[in-house]
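**Student:** Pasting in a structure now, in structure tokens, and then I'll have a few things to ask.
The values are calculated or read from the model by the stated rules, or taken from the named source; none is laboratory data. Predicted model, so just to flag it, every value in this text is computed and none were measured. Note: ideal-geometry Cβ built from the backbone for every residue, glycine included; neighbour counts use all protein chains shown. Each accessible area value is taken on the protein alone, full model and side chains, heavy atoms only, with ligands, DNA and RNA left out. Shrake-Rupley method; radii C 1.70, N 1.55, O 1.52, S 1.80 Å.
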Amino acid sequence: MSHRIGYLVGSLSSDSINRVLAKALVRLAPEGLELTEIPIRDLPLYNRDDEQNPVPAVSELKQSIEGSDGLLFISPEYNRSIPAPLKNAIDWGSRPWGQNSFARKPTGIIGASTGAIGTAVMQASMRSVLSFLDAPQLNAPEAYISFKPEVYGENGEVKDAGTEKFLRHYMEEYEAFVERVLSSTLPGHMGDSDPDSMH
Ligand SMILES: Cc1cc2nc3c(=O)[nH]c(=O)nc-3n(C[C@H](O)[C@H](O)[C@H](O)COP(=O)(O)O)c2cc1C
């Protein structure tokens, strides 16, 4: 069965290494995953005043998240945390209260950095945020990418066999995780509890 996966890139830079990584992941994903970007560039800064009458970019964001079977976050680390554009998108998607678009969506977090620890601290922050949003997360493998420009082509070609194998494996494990989460939340299963009972 095919699954629609929305991915969010946490960088707005035109030469983003995380966008290169996203292209590589799209190339290496198993056939059963249909990956589509959920854009975050045009979102205004989150403001509670606008929750009830949001601009179209916000409504489209929420629809795209809700219409996805799973979500993948591909993001840099900024000052040891989540980049503001990505956190802003998450804040919009989580609101209004009781209409959290992320609830129960199987998620994966991966990121590339020019530094040695490959976005590990950002990913730890993301896990805390996604836990609060009731979004199940792929725990293993973890994917901390210390970006080597010579390894990637412009269109996401991966020139190093070991890196290609790792990224392919990551996407296969993510697919298996999405299937596990979706099958455990089928109607009638114990996992299908009343979402309102959480709050
Ligand atoms: C504001 C800012 C903060 C950064 N903070 C970190 C950091 O905490 N850890 C890290 O490994 N790299 C950090 N970097 C370097 C990024 O890894 C590097 O700029 C990378 O290319 C960003 O990803 P992108 O190309 O997808 O935008 C920072 C860069 C910027 C612009």
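**Student:** Starting from the Cα gyration tensor of the chain, take the square roots of the eigenvalues, sort them a ≥ b ≥ c, and report rounded, prolate or oblate (rounded when a/c is under 1.5, otherwise prolate if a/b is larger than b/c, else oblate).
**Tutor:** It is oblate, given that a/c is not under 1.5 and a/b is not larger than b/c.
**Student:** Which net charge results for the neighbourhood of PHE132, defined as the other residues with beta-carbon distances under 14 angstrom from its beta-carbon, given Lys and Arg at +1 and Asp and Glu at -1?
**Tutor:** +3
**Student:** What are the residues whose amide H is under 5 Å from the amide H of GLY111, where those residues sit 5 or more places off or on another chain and H is modelled from the backbone?
**Tutor:** SER75, ILE145
**Student:** If you roll a 1.4 Å probe over the stretch 59-199 with all protein chains in place, what percent of the accessible area is carbon or sulfur?
**Tutor:** 52 percent
**Student:** Let me ask you something else. Starting from 0.36 nm per residue, how many nanometres of slack lie between GLU60 and ALA161 once their C-alpha separation is accounted for? It would help to have the intermediate numbers written out before the result.
**Tutor:** On the way: separation 101, 0.36 × 101 = 36.36 nm, distance 3.78 nm.
My answer for the length gained is 32.6 nm.
**Student:** Now a separate question. As I understand it, the value is the acute angle between the Cα axis of helix 120-132 and the longest principal axis of the Cα atoms of the chain; what does it come to in degrees, rounded to 10?
**Tutor:** Helix 120-132 sits at roughly 20 degrees to that axis.
**Student:** Also, I was wondering about something else. Just order 103-112, 160-169 by mean Cβ neighbour count inside 10 Å, highest at the front, would you?
**Tutor:** Answer by packing, highest mean first, reads 103-112, 160-169.
**Student:** What are the residues whose amide H is under 5 Å from the amide H of LEU72, where those residues sit 5 or more places off or on another chain and H is modelled from the backbone?
**Tutor:** Here the answer is GLY6, TYR7, LEU8, GLY108, since their amide H atoms fall under 5 Å of that of LEU72.
**Student:** May I pose another question? Kindly state, to the nearest 0.05, the FRET efficiency for ASP49 paired with SER184, given R0 = 45 Å and r defined as their beta-carbon distance.
**Tutor:** For R0 = 45 Å, the calculated efficiency reads 0.75.
**Student:** Highest GNM mean-square fluctuation, the chain, Cα pairs closer than 10 Å: which of SER183, SER81, SER16?
**Tutor:** SER183
**Student:** Ok, one more. If r is the Cβ-Cβ distance from GLN99 to HIS169 and R0 is 41 Å, what FRET efficiency results, to the nearest 0.05? Don't skip to the answer; put the middle values down first.
**Tutor:** On the way: r = 35 Å, r/R0 = 0.86.
Once the sixth-power term is evaluated, E becomes 0.70.
**Student:** Check cross-link reach from LYS159 to the aspartates and glutamates: straight Cα distance under 20 Å, and skip same-chain residues fewer than eight apart.
**Tutor:** Correct list for LYS159: ASP15, GLU150, GLU172.
**Student:** Another question about this same structure. So for the stretch 1-158, if I pair up every lysine 8 or more residues apart or on another chain, how many of those pairs have alpha-carbons under 19 Å apart?
**Tutor:** On the way: LYS23/LYS148; LYS62/LYS87; LYS62/LYS105; LYS87/LYS105.
Taking the Cα cut-off of 19 Å, the pair count is 4.
**Student:** State, to one decimal in nm, how far the label point of SER13 lies from the label point of GLU154, with both points 7 Å from Cα in the Cβ direction.
**Tutor:** Using points 7 Å along Cα→Cβ, the separation is 1.8 nm.
**Student:** Another question, if that's okay. Please figure out what share of the DSSP beta bridges in the chain is antiparallel and state it in percent, rounded to the nearest 5.
**Tutor:** 10 percent
**Student:** For the stretch 54-147, which GluC sites (Glu not before Pro) are both in a DSSP coil and crowded by at most 15 other Cβ atoms within 10 Å?
**Tutor:** In loop regions of the stretch 54-147 (DSSP not H, G, I, E or B), the sparsely surrounded GluC sites (Glu not before Pro) are GLU142.
**Student:** Follow-up. Over its Cα atoms, what ratio of radius of gyration to 2.2 N^0.38 Å does the stretch 21-91 give?
**Tutor:** 1.25
**Student:** For the chain, what does the relative contact order come out to in percent, with C-alpha contacts under 8 Å and a separation of six or more?
**Tutor:** Across the chain, relative contact order equals 25 percent.
**Student:** What angle do you read, to the nearest 10 degrees and between 0 and 90, between the alpha-carbon axis of helix 17-28 and the longest principal axis of the chain?
**Tutor:** The angle comes out at about 90 degrees.
**Student:** Follow-up. How tilted is helix 84-93 with respect to the longest principal axis of the chain? Cα atoms for both, answer in degrees (0 to 90, nearest 10).
**Tutor:** With both axes taken from Cα atoms, the answer is about 30 degrees.
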